[in-house]
Every structure is written in C-alpha cells, then in structure tokens.
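A.B. asks: I'd like to ask you about the structure that follows.
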Amino acid sequence: MGKTHKFYQKTVETRLHPYHYREALAICQPQPEESEMIRLPAMIRQGLLVLAGLVFVVGLFLVALTWVLDSWGGEQVTVAKNEVISDDLYVSGVTVTIDDIVRGDVIGVGRQIAINGTVDGDLVAANQTIVINGTVNDDVRTAG
C-alpha cells in the first residue's frame with residue numbers, strides 16, 4: 001500500500017502514477033480567491049504609479065517645448081532685416097536666408113543656406129550649399 005498524506009483536510013494516497021499524484025496534489029492545494037490573483041505587490045504598484053507620473057510630466061514638458069520653439073518651414077524661408085529671433089531657430093526649406101540676428105542656435109535643413117546676419121549661438125546645418133556673409137559667434141557644423 002502507498003503512503004497516505006493529509007493536505008488541507010483532504011486525503012491523497014500515493015499509489016497513483018507520479019503524473020496523477022501531481023494532479024491530486026494540485027487539487028488539494030487551496031485555490032486563491034479571484035481578488036487575490038489580480039492584486040499586484042505593493043512595490044510593483046508603486047513603480048507603475050511612478051512610471052505613469054513620469055510619462056505625464058514628460059508629456060507636459062514636450063507640449064510646453066513645442067509652444068516655445070521657433071520653427072519655420074517652407075519653400076523659401078527668410079529672417080528679414082529688423083526681425084530679431086530671441087531664441088533658438090529650427091528651420092527647413094529649399095532656400096533659407098537669415099538677414100538679421102538670431103540670439104540662439106540655428107538648426108537648419110535646406111538646399112541652400114545663407115547667413116547674412118548674426119547668429120549668436122551654434123549653426124548646425126544639413127545642406128547642399130552654405131554661404132556665410134555674416135557672423136556666427138559659436139560653432140559651425142555642416143553636413144552635405
């Protein structure tokens with residue numbers, strides 16, 4: 001005769017085949033209530049809450065950044081004389097011309113970029129042709 005084990009007020013005999021014995025043991029285990037099965041540990045819940053808050057804050061930051069950002073685009077883009085840009089300028093167009101002052105960096109993409117005014121920050125450009133007749137007070141980085 002096999003051994004007799006008592007599990008949670010149920011008796012199981014070990015005369016069974018090992019596969020059936022495992023099934024019998026699984027039946028004898030107390031089943032968790034449904035509310036316990038979907039409840040995450042406190043540490044994981046706190047981590048998910050922190051992650052959701054971080055995503056929310058980053059989203060607000062990106063929305064605020066797009067409101068502040070000076071971004072120009074079109075076929076021909078020109079910063080005319082007496083038009084001072086007091087922040088960074090992100091610009092794209094076939095022909096980009098800057099005739100006055102940009103107090104920040106200029107990041108430009110275009111076939112031809114002409115700087116006739118002053119750029120107080122960096123000039124970062126991806127272009128085919130660049131002409132600098134004015135002043136760039138910091139670094140010039142071009143590709144193309």
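A.B. asks: I want to check the label-to-label distance for Thr129 and Asp100. Put each point 7 Å from Cα in the C-beta direction and report it in nm to one decimal.
C.D. replies: In this crude spin-label approximation the distance works out to 2.6 nm.
A.B. asks: Which length gain, in nm to one decimal place, applies between Leu48 and Thr118 when the Cα-Cα distance is subtracted from 0.36 nm times their residue separation?
C.D. replies: 20.4 nm
A.B. asks: Highest mean first, what order results for 123-131, 53-61 on Cβ atoms within 10 Å?
C.D. replies: Ranked by mean Cβ neighbours within 10 Å, highest first: 123-131, 53-61.
A.B. asks: So what are the ³J(HN,Hα) numbers for the range 133-140, from phi and the Karplus equation (6.51, -1.76, 1.60; θ = phi - 60°), rounded to whole Hz, Gly and Pro as x?
C.D. replies: 3J(HN,Hα) across the range 133-140, in whole Hz: 9, x, 10, 10, 7, 10, 6, 10.
A.B. asks: Follow-up. I want the local charge near Ile115. Using Cβ-Cβ distances under 11 Å, sum +1 for each Lys or Arg and -1 for each Asp or Glu among the other residues.
C.D. replies: -2
Throughout, read-outs are computed from the coordinates displayed, never taken from laboratory work. Predicted, not measured: the structure shown is a model, and the values here were computed from it. Positions of Cβ are generated from backbone atoms using ideal geometry, with glycine treated the same way; all protein chains shown enter the neighbour counts.
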